[in-house]
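Notes follow once the structure below has been shown.
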Amino acid sequence: MNQTTSSVSIRGLDLHFGSVKVLTDLDIEIGEGEFLVLLGSSGCGKSTLLNCIAGLLDVSGGEIHIKGRNVTWDEPKDRGIGMVFQSYALYPQMTVRGNLSFGLKQAKVAKSEIESRVKRAAEVLQIEALLERKPAQLSGGQRQRVAIGRALVRDVDVFLFDEPLSNLDAKLRASLRVEIKRLHQQLHNTMIYVTHDQIEAMTLADRIAIMKDGAVQQLGTPHEIYSSPVNRYVAAFIGSPSMNFFSGSLSGDNFVSDTMTLSMDRYAFDGTGRQNGRVELGVRPEHVACDEAARDMPFQVEVDVDVVEPMGSDTQVWGSLQGEEFRFRVDGQSTLKTGDKVLVGIDPARTCLFDMTTELRL
Amino acid sequence: MNHQITHKGAQGRRPFRPLRNLNAKIAAIPMILTAMVVFVGGTIWTVVYSFTNSRLLPREQFVGLKQYERLWGTSRWQVSIENLLIFGVCSLVLSLVIGFVLAALLDQKIRFEDTFRTIFLYPFAMSFIVTGLVWQWILNPRLGVQNVVRDLGWDSFVFDPLNNADIAIYGILIAAIWQGTGFIMCLMLAGLRGIDEDIWKAARVDGIPAWKTYIFIVIPMMRPVFITTLVIIAAGIVKVYDLVVAQTSGGPGIASEVPAKYVYEKMFQSQNLAQGFAASTMMLLAVLIVLIPWAYLEFGGRRRD
Amino acid sequence: MTESVAPVGRGPNGPKPRRVFSRRNIFLYGILGLVACYYALPLYVMVVTSLKGMPEIRMGNIFSPPVEVTFQPWVKAWAEACTGLNCDGLSRGFWNSVMITVPSVVLSIAIASVNGYALANWRFKGANVFFTILIFGAFIPYQVMIYPLVIILREMGLYGSFWGLVLVHSVFGMPILTLLFRNYFSSLPEELFKAARVDGAGFWGIFLKIMLPMSVPIFVVAMILQITGIWNDFLFGVIYTKPANYPMTVQLNNIVNSVQGVKEYNVNMAATMITALVPLTVYFISGRLFVRGIAAGAVKG
C-alpha cells in the first residue's frame with residue numbers, strides 16, 4: 001500500500017453511538033516496531049480507539065490497516081494482534097498453560113507447535129514455574145505476566161495494551177513498566193499502549209498521542225510533548241505538578257500582566273508568528289529557579305510561600321504572587337517555610353505562550 | 001492515493017448485513033417469539049375477542065361493550081373486585097410493614113440469624129395449594145384453633161373466618177401473609193444490607209436514636225427497594241388464584257371469589273369465553289394502572305440522568 | 001450499672017460490660033421467637049396431624065403431638081387416596097410432576113441462559129426492545145395470555161400433553177430467567193469476553209468454554225427457582241394438561257377438597273406434606289442460594 005513502513009494505520013476513523021460522537025476523524029500512522037502510547041484522561045476515547053483497532057468495536061466510518069492489510073471488517077482474531085487488558089482477563093477456570101494455549105487451540109495450531117510457543121513465551125516472561133497454576137493462585141504481577149504471555153504466544157506483530165498496569169500497586173507498576181520496555185527492545189513488535197499515567201507514557205513511548213474528546217491533540221515524541229505542547233490542554237495535562245498559567249497580554253516582545261512584565265525575545269515562537277493580544281503564559285514548576293539561582297534569570301520576582309510539601313528528593317512550594325497561585329519546585333534540602341518570602345526567577349525561553357481564545361501555542 | 005479516497009469517513013461504514021451476529025439472533029428467537037407472539041400477540045388477541053360474544057369457541061361476532069356491561073352487572077364479579085381490593089390493600093400494607101420490621105430486627109447483628117431467616121422464609125417454598133390446605137385445616141372450626149382455645153376453657157371463643165361470609169377473605173389473607181412475608185423480608189434485608197455502614201456510624205456519632213434513623217434516613221434511602229417490592233406484591237395480588245381454590249373454593253357461597261378465579265371458570269367451565277376475556281382484560285387494566293407509573297418513574301427517570 | 005466490673009474509683013476500664021439479658025435483647029429475641037412460632041406452626045401441625053390416627057384427631061388438639069405415631073396416612077395418601085376419578089393416590093401426580101418439572105427446568109434454563117448471554121455480550125439492534133417487552137410481560141396477568149396459548153398448543157398438537165405444559169413453563173419462566181442470566185453475564189468482566197474474542201473463540205466457544213465454567217452458581221440459582229416454581233404450579237397444570245397428566249398440586253387439591261366420602265384429615269395432611277416435600281428439600285438444602293435466587297430475580301425486576 002502507500003506506506004510500507006507503517007504497521008498500523010488509522011485513516012479517518014469515526015465512531016459514534018447514536019448521536020454521541022466518541023471518535024472523530026482520527027488519522028494515525030504507527031511505524032513498524034514503534035511504541036505508541038495513547039494518553040488522556042478518562043473518557044477521552046483512548047480505550048475506545050484501542051478496542052476499534054482490536055476489532056472489538058465496530059467503527060462507524062474510516063479504515064484500519066494492519067501490516068498493509070485493510071482489517072476494518074475483520075474479526076479480532078484475524079487481525080494479527082495480541083491484547084493485554086487492565087483486569088488481566090485471565091480465564092479463571094483454566095491453568096496458566098490453558099490460558100496461554102486457548103487461542104492457539106481455537107486457531108487449530110498443531111499440538112507440538114502450541115507446546116513450543118507456550119514454552120518460549122514462558123521463558124521470556126519467566127513464568128515457567130507457574131504453568132500449572134490457576135490464575136487465582138497468582139499475584140497481580142504474575143497475572144499480568146501471564147496476560148502478556150497470552151498475547152506473546154499468538155506470534156503477532158502488533159501488541160495492544162489497555163492500561164495493563166493500572167491494577168497494580170506503585171512498586172510493581174514501576175518494575176513491570178521496565179519489563180515491558182525490555183520486552184519491546186527484545187521483540188521489536190509494534191506496541192500500542194493506552195494509559196492515563198503520564199509517567200508510563202513518558203518512559204515507555206517512542207511517540208505519545210494525547211487524546212481529548214475523541215480527537216488527538218498532539219502526536220509526538222515525549223520530549224516534543226513536554227517541551228513544546230501544541231496547546232494549553234496538552235501543556236496542563238503533562239507535568240506534575242502541572243504548569244502555572246498567568247493571563248496577560250502580548251505587546252511587541254513583552255508579556256505584560258498585573259504582576260509581571262517579561263521580555264519574550266528569547267522565546268521560540270511557533271510558525272504562526274507573534275500577534276499582540278490576550279495570551280496566557282505557562283511556566284513549569286520545575287523550570288522556576290529559586291533564591292541564588294534566580295539571580296541569573298532574565299526575570300525575577302518575589303513570591304510569598306503559602307504551603308511547603310517536602311517530597312524527599314525535592315520540595316514543592318505553593319506560593320502566591322499577589323494573590324495568584326504560583327507553584328514551583330525547590331531542592332529537597334531547602335529550608336523554606338510558610339510565611340517566607342522568596343525570590344524566584346523564570347527563563348522566558350522555557351515558558352510557553354498560548355493564545356487566550358484559541359488556546360493554541362504561539 | 002488510497003488515503004485520499006478514504007479520508008472522509010463514511011465510506012468505511014459496514015454495509016447492512018442481517019447475517020452479522022447471526023448466532024446471537026438465533027439464540028434470541030425464543031425470546032422474540034415469546035415476547036411478540038405470546039405476550040403482545042396473546043394480549044391483543046384476548047382484548048380484541050373480549051368484544052365478541054364467543055362462548056364455547058372464539059368467534060368474530062363483535063358486540064361492543066356488552067361483555068363488560070354484563071361483567072360489571074354480575075354480583076360475583078363485584079364481590080371478586082371488592083375482595084381483591086380488601087385483600088390487596090391489606091396484604092400490601094401488612095407485607096410491607098411486617099416484612100420491613102422483621103428485616104430490621106434481623107439486621108441487629110443478632111445470633112441465629114440464619115435460623116430465623118430459614119424459618120421465616122420456608123413458607124415461600126411451598127405452593128399456594130399447600131398453604132391453602134394447611135390453613136384450611138388450622139382454621140377448621142371443629143378441630144382447629146377455635147377448638148383448642150375452647151378446650152382451654154373459653155367456651156364462647158369464635159374464630160372461624162373461612163365459614164363466615166363477612167370475613168372469609170381475611171382468612172385467606174392470614175395464609176397469604178404467612179406464605180409471602182418471608183420473601184418480602186428478604187428483599188428488605190437485602191435493601192438494608194445495601195445501605196452504607198457509614199450512615200449508621202454517622203447517625204450514632206450524631207446521637208440519633210435507631211428508630212429515628214430508620215424512619216428519617218434508612219427508609220427514604222430504600223425508596224427503590226420499596227417501590228420494586230410494591231410492584232412485585234401488586235403483580236402477585238392480581239394473580240391470586242390457587243390459594244383461594246385450595247382454601248375456600250370461593251366460598252362460603254361467593255364470599256371469597258377473586259377475579260382470576262372468575263376468569264378461569266368463565267373460560268374453562270361455563271363456556272363463556274368472551275366473559276372470561278373481558279374479565280381478564282379488566283385485570284390487565286388494573287395491572288397497567290400500577291405498572292405504567294412505576295415504569296415511568298423507574299425508566300423515564302433513569303434516562304434523564 | 002457497671003459496679004460488677006469497675007472497682008470503685010477507677011472508672012471505666014477494659015472491655016465494656018455486656019449484658020445478655022438487656023431489655024433490648026429480651027424484646028428483640030422475644031418478638032423474633034414469637035414470630036418464628038407463628039411461621040413454624042403450620043409445618044408442625046401438618047407433620048403432627050399426618051402422624052395421628054383419625055380417632056385421635058377427632059378427640060384431641062391439633063397442636064398436641066401424636067400419642068400413637070402411625071404412618072398409615074402417608075401410605076394411604078401416596079397409594080390409595082381418591083380424587084373422585086381414581087383411587088391410586090398421589091403417586092401418579094408425583095410422577096406426572098417429575099415428568100413435567102425435569103424437562104421444563106432443563107429447557108427453560110437452556111433457552112434463557114443462551115438468550116441472556118446473547119443479550120449481555122452480543123447485543124444486536126432491537127434486542128433491547130424485545131427484552132423490555134419480555135420483562136413487561138412478566139407483570140401481565142397470565143389470564144390474558146392463557147387462552148391464546150391454548151389455541152397455539154392445540155394447533156401444535158400439544159394441548160393436554162406433558163410437552164405442551166413444558167413449553168408453557170418455558171415461556172412464562174423466560175422473563176425472570178433471562179433477566180437473571182443477562183444480569184449475571186453482564187456482571188462478569190467484559191475484558192474476559194474481549195480476550196476470548198481476540199483469542200478467536202466465537203459465540204458458542206465463548207459460551208461453552210469461558211462463560212459456563214464460571215457460571216455454576218447462577219445455574220444452581222436458576223434451577224432452584226424453576227424447580228420450586230414449576231413444582232408448585234397449579235394454574236397451568238389444570239389448564240394445559242388432561243386429568244391423566246395432572247401435576248401433583250392439582251391432584252392434591254382434588255384429593256383434599258373432594259366432596260365425597262368422610263374427610264380424613266390425617267391423610268390430607270400427609271398428602272400435603274408429600275407435595276411440599278420436594279420444594280422444601282430444595283429449600284433446606286440450598287439455603288443461602290435460594291435467598292440469593294429470589295432476591296436477584298426480584299430486586300432487579
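The values are calculated or read from the model by the stated rules, or taken from the named source; none is laboratory data. Computed from a predicted model, the values in this text were never measured in an experiment. When we count neighbours, we look across all protein chains shown, and the Cβ atoms used for this are built from the backbone with ideal geometry, even at glycine.
Each row is one residue, and each column tells you yes or no for (1) acidic (Asp, Glu); (2) at pLDDT 90 or above; (3) closer than 18 Å to B:Glu257 by Cβ; (4) part of a helix (DSSP H, G or I).
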{"site": "B:Ser91", "(1), (2), (3), (4)": "no, yes, yes, yes"}
{"site": "B:Leu94", "(1), (2), (3), (4)": "no, yes, no, yes"}
{"site": "B:Val101", "(1), (2), (3), (4)": "no, yes, no, yes"}
{"site": "B:Arg111", "(1), (2), (3), (4)": "no, no, no, no"}
{"site": "B:Phe116", "(1), (2), (3), (4)": "no, yes, no, yes"}
{"site": "B:Ile119", "(1), (2), (3), (4)": "no, yes, no, yes"}
{"site": "B:Asn140", "(1), (2), (3), (4)": "no, no, no, no"}
{"site": "B:Gln146", "(1), (2), (3), (4)": "no, no, no, yes"}
{"site": "B:Leu187", "(1), (2), (3), (4)": "no, no, no, yes"}
Close pairs (6 angstrom Cβ cut-off, 6 or more residues apart or separate chains): in a helix (DSSP H, G or I) in the range C:20-44, among the β-branched types (Val, Ile, Thr) anywhere
C:Ala36/B:Ile119; C:Tyr39/B:Ile119; C:Ala40/B:Ile119; C:Pro42/B:Val134
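Based on what the data block shows, is B:Gly191 in contact (Cβ under 8 Å) with a residue 24 or more places away in the chain, more than 10 Å from every other protein chain (Cβ to nearest Cβ) and of a type outside the set (Lys, Arg)?
Working: in contact (Cβ under 8 Å) with a residue 24 or more places away in the chain: yes; more than 10 Å from every other protein chain (Cβ to nearest Cβ): no; of a type outside the set (Lys, Arg): yes.
It is false that B:Gly191 is in contact (Cβ under 8 Å) with a residue 24 or more places away in the chain, more than 10 Å from every other protein chain (Cβ to nearest Cβ) and of a type outside the set (Lys, Arg).
Based on this model, can you work out whether C:Val171 counts as surrounded by 22 or more Cβ atoms within 10 Å (Cβ to Cβ), among the β-branched types (Val, Ile, Thr) and touching a Ser or Thr at 6+ places or on another chain (Cβ under 6 Å)?
Numbers: surrounded by 22 or more Cβ atoms within 10 Å (Cβ to Cβ): yes; among the β-branched types (Val, Ile, Thr): yes; touching a Ser or Thr at 6+ places or on another chain (Cβ under 6 Å): yes.
Against the criterion (surrounded by 22 or more Cβ atoms within 10 Å (Cβ to Cβ), among the β-branched types (Val, Ile, Thr) and touching a Ser or Thr at 6+ places or on another chain (Cβ under 6 Å)), C:Val171 qualifies.
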C:Met273, sole failed condition from (1) among the aliphatic types (A, V, I, L, M); (2) touching a residue at least 40 places away in the same chain (Cβ under 8 Å); (3) not in a helix (DSSP H, G or I)
(3)
Residues of the range C:98-153 classified as at the interface with chain B (Cβ under 10 Å from one of its Cβ atoms) and β-branched (Val, Ile, Thr), total
12
Among (1) in a helix (DSSP H, G or I); (2) surrounded by fewer than 19 Cβ atoms within 10 Å (Cβ to Cβ), the one test that B:Val225 misses
(2)
Positions within the range B:121-159 being facing chain C (nearest Cβ under 7 Å), out of contact with any Ser or Thr (no Cβ under 8 Å at 6 or more places or on another chain) and closer than 15 Å to C:Asp233 by Cα, in sequence order
B:Met126, B:Phe128
Looking only at residues that are loosely packed, with under 15 Cβ neighbours inside 10 Å and part of a strand (DSSP E or B) in the range A:265-305, which one is nearest to the chain's Cα centre (by Cα)?
A:Arg278
Please go through the range C:191-247 and pick out each residue that is under 22 Å from A:Gln86 (Cβ atoms) and either without any contact (Cβ under 8 Å) to a residue 12 or more places away in the chain or in a loop (DSSP other than H, G, I, E, B) (or both).
C:Glu191, C:Lys194, C:Ala195, C:Arg197, C:Val198, C:Asp199, C:Gly200, C:Ala201
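Before we move on, is C:Met156 closer than 26 Å to B:Tyr241 by Cβ, at the interface with another protein chain (Cβ under 9 Å from one of its Cβ atoms) and at pLDDT 90 or above?
Values: closer than 26 Å to B:Tyr241 by Cβ: yes; at the interface with another protein chain (Cβ under 9 Å from one of its Cβ atoms): no; at pLDDT 90 or above: yes.
Taking the combined requirement at face value, the residue does not satisfy it.
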Checking B:Phe124 against (1) over 25 Å from C:Leu235 (Cα atoms); (2) out of contact with any Asp or Glu (no Cβ under 9 Å at 6 or more places or on another chain); (3) buried (at least 19 other Cβ atoms within 10 Å of the Cβ), which single condition isn't satisfied?
(1)
Would you mind stating whether B:Leu230 is at pLDDT below 90, more than 9 Å from chain C (Cβ to nearest Cβ), within 30 Å of B:Met188 (Cβ to Cβ) and touching a helix residue (DSSP H, G or I) at 6+ places or on another chain (Cβ under 9 Å)?
yes
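Residues in the range A:168-223 that are part of a loop (DSSP other than H, G, I, E, B) and over 12 Å from the mean Cα position of the chain (by Cα): how many? Give the steps one after another, and end with the answer.
Keep residues of the range A:168-223 that are part of a loop (DSSP other than H, G, I, E, B), which gives A:168-169, A:188-189, A:196-197, A:205-206, A:213-214, A:221.
Pick out the ones that are also over 12 Å from the mean Cα position of the chain (by Cα) and you get A:168-169, A:188-189, A:213-214.
Total satisfying the criteria: 6.
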Can you tell me which condition A:Leu262 does not meet? The list is (1) at pLDDT 85 or above; (2) surrounded by 23 or more Cβ atoms within 10 Å (Cβ to Cβ), and all the others hold.
(1)
Which one of the conditions (1) out of contact with any Phe, Trp or Tyr (no Cβ under 9 Å at 6 or more places or on another chain); (2) farther than 13 Å from A:Val158 by Cβ; (3) touching a residue at least 40 places away in the same chain (Cβ under 8 Å) does A:Ile53 fail to meet, given that it meets all the rest?
(2)
Is there a residue being β-branched (Val, Ile, Thr) and within 7 Å of another protein chain (Cβ to nearest Cβ) anywhere in the range B:25-37?
yes
Which one of the conditions (1) under 30 Å from B:Val79 (Cβ atoms); (2) away from chain C (no Cβ under 14 Å); (3) free of Cβ contacts under 8 Å to residues at least 60 places away in the same chain does B:Gly207 fail to meet, given that it meets all the rest?
(1)
Single unsatisfied condition, A:Ile53 versus (1) under 24 Å from A:Pro135 (Cα atoms); (2) modelled with pLDDT of 90 or more; (3) in a helix (DSSP H, G or I)
(1)
List the number of the failed condition for B:Val245; all other conditions in (1) within 8 Å of another protein chain (Cβ to nearest Cβ); (2) farther than 23 Å from C:Ile255 by Cβ hold.
(2)
Among the candidates C:Gly157, C:Gly164, which residue alone is more than 25 Å from B:Trp294 (Cα to Cα) and touching a strand residue (DSSP E or B) at 6+ places or on another chain (Cβ under 9 Å)?
C:Gly164
Is it the case, given these coordinates, that A:Ala215 is under 29 Å from A:Glu34 (Cβ atoms) and touching an Asp or Glu at 6+ places or on another chain (Cβ under 9 Å)?
yes
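Being out of contact with any Phe, Trp or Tyr (no Cβ under 9 Å at 6 or more places or on another chain), assigned to a helix (DSSP H, G or I) and on the phi < 0 side of the Ramachandran plot is true for just one of C:Ile100, C:Ile135, C:Ile151. Which residue is that? Don't jump to the end; show me each part of the working.
Values: C:Ile100 fails: out of contact with any Phe, Trp or Tyr (no Cβ under 9 Å at 6 or more places or on another chain); C:Ile151 fails: out of contact with any Phe, Trp or Tyr (no Cβ under 9 Å at 6 or more places or on another chain).
None of the others qualify; the one that does is C:Ile135.
Identify all residues within the range A:58-73 that are in contact with a strand residue (DSSP E or B) (Cβ under 7 Å, 6 or more places away or on another chain) and not basic (Lys, Arg); write none if there are none.
First pass over the range A:58-73, keeping only residues in contact with a strand residue (DSSP E or B) (Cβ under 7 Å, 6 or more places away or on another chain): A:59-67, A:70-72.
The answer is A:Val59, A:Ser60, A:Gly61, A:Gly62, A:Glu63, A:Ile64, A:His65, A:Ile66, A:Asn70, A:Val71, A:Thr72.
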Can you confirm whether the range C:49-71 contains a residue that is away from chain B (no Cβ under 14 Å), aliphatic (A, V, I, L, M), loosely packed, with under 15 Cβ neighbours inside 10 Å and assigned to a helix (DSSP H, G or I)?
no
